[in-house]
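Chemist: One structure, as structure tokens, below. Some questions next.
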Amino acid sequence: MKDNQKKAWLFLAPAIICVTVFSIWPILRAFTMSFQGGPLIDLQFNGLSNYQYIFSDPEFWRAIMNTAIYSFLAVPIALIISVVLAWFIFSKIKHTAFFETMFFMPYVTSTIAIGIVFRYIFNGEYGLLNFLLKLVHLPQPDWLDNPSLSLVSLIIFGIWSSLAFNIVILMGALRNIEPNYYVLADMYGATSREKFWRITVPQLVPTLAFLLTVNLIGAFKIYTQVYALFNGQAGVGNSAMTAVYYIYNKFQIVGTPGVAMAATVVLFLFILFVTFLQRKLMKKVNS
Amino acid sequence: MKKKKLRWGMIFVYLFIGIFGIITVFPFIYMILGGLMSYQETTTIPPTLIPKTLRWSNYQKVFEQAPFARYFLNTFITAATTTIVTLFTSILGAFAMTNLKFKGKGFIQLIFLSLLMVPGEAIIFTNYNTIAHLGLLNTYLGLVLPFLTSIFYMYYLQSYFTAISPTIYKAAMIDGASDWEYIWKILVPMSKGGLITVALLSFISGWNSFLWPLLVTNEDKMRLLNNGLAAFASDAGAQTQLQLAAATLTVVPVLIVYFIFRKQIIRGVVRNDLKA
């Protein structure tokens, strides 16, 4: 067979054209636009002033802080809950498939629709959450309208949404663990806890590393959850402003695409850096 | 002694799964029930769980107050188009990458792999710019154009295609079949499972898309379901029961698809992970 089958380009053409126009070009364009000022229809080169602007904009720093707090709280908490749930479902009970199906439901459903339900549950006056808190004599804060709590509500919503993916991936990984390890451990009289810490957890490390980075990258890009939970705003007084929300605001609402693209470039480089760390980490874990 | 300890352990296990199971499922149930309540029932304290009478008329009001039928149609058209075209372009691309040898293959592979790392949010705004320049705001073409191929799904399909022995391809060529025939008569039927999974995942993510349609549409008649729902939630204001009914409308079709194809969907998501 020929070594250079030129017809391959014919089969790849639709994909390559689409990718060039809608993936490669927009990345380059985002970089160049970040050095331009003015509205979309009249962009002019203005050097580094967009970068100067965002780094001296308190709103930008708040967006970064919020995104960081959200990511570094919601992701580990969700991951720990997911590991415990996946382990229990996998090893302790029957009807594994039933529970797996149930816990995966949030993954396929619209964030906006579920956001409406959460807004209702979180409601300060007639919300179900505060009703339950009242039953056990705990304070009933205004989850959505109190600026200092918006991030907490967002984190709760974020954890709820991210369990599904974690559990299903972890169940897949648990099924892949060599069953003989457990048989052997049983022969030596290992307890359930020993089996979990000595066999399960070490075997799950690559999956956990994978989930950690995928979840973190997802959390850095959080946008729709904010929109859904605060009905199109970034919380009261922008208290739940996140990085992508900031970008959207600067691009679409304020009409300063250059500033938005400067923020995009910063976010993009940061995500690239985390992805790079993940690759390194995975290589180390796998070897 | 040991037995007693075990039993307490199991109680904890059941409790843990039970609590999180309720937390996971309850919002769905509450959404469906709340969508059938009266406004008073949704806002009383203590909260109502089961509506006294099931007010199906809420749904009628939702359809009267916002063009949800149109949103459904728009969403279906965009999700179906992106799914079908993405499948088509990904099958062709994956075939070339799996079965053909050509100069520059390594380079293409490298570009594709690097692009997998690019977050969608970083390119969505400049894509908006492109679509606006082409004059495609508020059109179906504008809604689907950037999503007509997916490197991710191409890789996913490659893992199915490489599982088919290359000798089958050689045999087909010797029998005088064209590449085109090989793709549609052998490759596609033999990778049905993978194709169905890609179709399901692509359709569901199309159905749930939010940020892109928010950017490229501002006319009510071109809105997709989720954008229509978000707008409706702001406009309907305090009409909690109608908001919940509208949310139910958005979620139920996907849940039905999910329950029918749950095995393919879950397996597909898990397999994605193993590739990464």
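The values are calculated or read from the model by the stated rules, or taken from the named source; none is laboratory data. Nothing here was measured: the structure is a model prediction, and the numbers come from that model. A quick note on method: Cβ atoms are made from the backbone with ideal geometry, for glycine too, and the neighbour counts reach across all protein chains shown. Each accessible area value is taken on the protein alone, full model and side chains, heavy atoms only, with ligands, DNA and RNA left out. Shrake-Rupley method; radii C 1.70, N 1.55, O 1.52, S 1.80 Å.
Chemist: What percentage of all Cα-Cα pairs in segment A:154-254 are separated by more than 19 Å? Could you put the intermediate results ahead of the total?
Modeler: On the way: 2909 of 5050 pairs.
Counting pairs separated by more than 19 Å, the tail of P(r) holds 58 percent.
Chemist: Averaged per residue, what accessible area in Å² does segment A:70-242 show with a 1.4 Å probe, protein chains only?
Modeler: Values: 7260 Å² over 173 residues.
Dividing the accessible area of segment A:70-242 by its residue count gives 42 Å².
Chemist: Sticking with this one: Give the distance, in whole Å, between the Cα centre of segment A:41-98 and the Cα centre of segment A:200-223.
Modeler: Taking the Cα centre of segment A:200-223 as reference, the centre of segment A:41-98 is 11 Å away.
Chemist: Take the Cα coordinates of segment B:9-53, assign each an equal point scatterer, and use the Debye formula without solvent to give log10 I(q)/I(0) at q = 0.24, 0.25, 0.34 Å⁻¹.
Modeler: After summing over all Cα pairs, the log10 values are -0.79, -0.82, -1.11.
Chemist: Given segment B:81-192 reduced to its alpha-carbon atoms as identical point scatterers, what log10 I(q)/I(0) does the Debye formula return at q = 0.10, 0.22 Å⁻¹?
Modeler: Taking Cα atoms of segment B:81-192 as identical point scatterers yields -0.39, -1.21.
Chemist: With a 1.4 Å probe on protein heavy atoms only, work out how much accessible surface A and B bury together, total over both chains, in Å² to the nearest 100.
Modeler: Buried area between the two chains comes out at roughly 7900 Å².
Chemist: Then there is this: Skip the ligands, DNA and RNA, and give the accessible area per residue of segment B:55-188 with a 1.4 Å probe, whole Å². Could you put the intermediate results ahead of the total?
Modeler: On the way: 6030 Å² over 134 residues.
For segment B:55-188, the solvent-accessible area averages 45 Å² per residue.
Chemist: Can you tell me the convex hull volume per residue for segment A:85-183, based on C-alpha atoms, in Å³ to the nearest whole number? Can you show the working numbers first?
Modeler: Working: hull volume 13.9 nm³, N = 99.
Hull volume over Cα atoms, normalised by residue count, gives 140 Å³.
Chemist: Here's a follow-up. Helix-only estimate, please: 222 nm mean residue ellipticity of chain A, summing -39500 (n - 2.57) across DSSP H runs of length 4 or more and dividing by its residues, to the nearest 500.
Modeler: -22000 deg cm²/dmol
Chemist: Quick one: the Cα spread of chain B along its three principal axes, in angstroms, biggest first?
Modeler: 74, 72, 34
Chemist: Once Rh is set to the Kirkwood radius over Cα pairs, what Stokes-Einstein translational diffusion coefficient, in µm²/s, holds for the protein assembly as shown at a temperature of 10 °C and a viscosity of 1.306 mPa s? Each step should come with its number before you reach the end.
Modeler: Numbers: Rh = 25.6 Å.
Rounded, D is 62 µm²/s.
Chemist: Let me know the volume per residue of the alpha-carbon convex hull for segment A:49-129, in Å³.
Modeler: On the way: hull volume 13.3 nm³, N = 81.
Given the Cα convex hull of segment A:49-129, per-residue volume reads 164 Å³.
Chemist: Moving on to the next point. Could you state the principal axis extents of the C-alpha atoms in segment B:140-276, from the largest down, to the nearest angstrom?
Modeler: The principal-axis extents, from largest down, are 69, 31, 25 Å.
Chemist: Also, I was wondering about something else. Can you give me the % of accessible surface on segment A:40-128 that is carbon or sulfur? Probe 1.4 Å, all protein chains present, nothing else counted.
Modeler: Values: 2720 of 3980 Å².
Ligands and nucleic acids excluded, carbon and sulfur give 68 percent.
Chemist: Which ³J(HN,Hα) values, rounded to whole Hz and listed in residue order, are derived for segment A:144-160 from phi using the Karplus coefficients 6.51, -1.76 and 1.60 in 6.51 cos²θ - 1.76 cosθ + 1.60 with θ = phi - 60°, glycine and proline given as x?
Modeler: Residue by residue, segment A:144-160 yields 9, 9, 9, x, 6, 9, 4, 5, 4, 4, 5, 5, 4, 4, x, 4, 3 Hz.
Chemist: Provide the packing ranking of A:139-146, B:169-176, A:26-33, i.e. peptides ordered by the mean count of other C-beta atoms within 10 Å per residue, highest first.
Modeler: On the way: A:139-146: 15.8, B:169-176: 12.8, A:26-33: 18.0.
Going by the mean number of other Cβ atoms within 10 Å, highest first, we get A:26-33, A:139-146, B:169-176.
Chemist: Could you work out the mean count of beta carbons from other protein chains within 10 Å of each residue's beta carbon in A:125-136?
Modeler: Counting other chains' Cβ atoms within 10 Å and averaging over A:125-136 gives 3.
Chemist: Taking every pair of Cα atoms in segment A:70-242, average 1/r, invert it to obtain the Kirkwood radius, and report Rg/Rh to two decimals.
Modeler: Working: Rg = 18.9 Å, Rh = 17.9 Å.
With Rh from the inverse mean 1/r over Cα pairs, Rg/Rh is 1.06.
Chemist: Between segment B:11-35 and segment B:144-203, what is the C-alpha centre distance in whole Å?
Modeler: Spelled out, the Cα-based centre of one part sits 40 Å from the other.
Chemist: Run the helix sum for chain B: -39,500 (n - 2.57) per DSSP H stretch of 4+ residues, divided by residue count, reported at 222 nm to the nearest 500 deg cm²/dmol.
Modeler: Details: 15 runs with 202 residues, N = 276.
Rounded to the nearest 500, the figure is -23500 deg cm²/dmol.
Chemist: Long-range amide H contacts for A:Gln36: which residues qualify at under 5 Å (H placed 1.01 Å from N, peptide plane, sequence gap of 5 or more or a different chain)?
Modeler: A:Asn46
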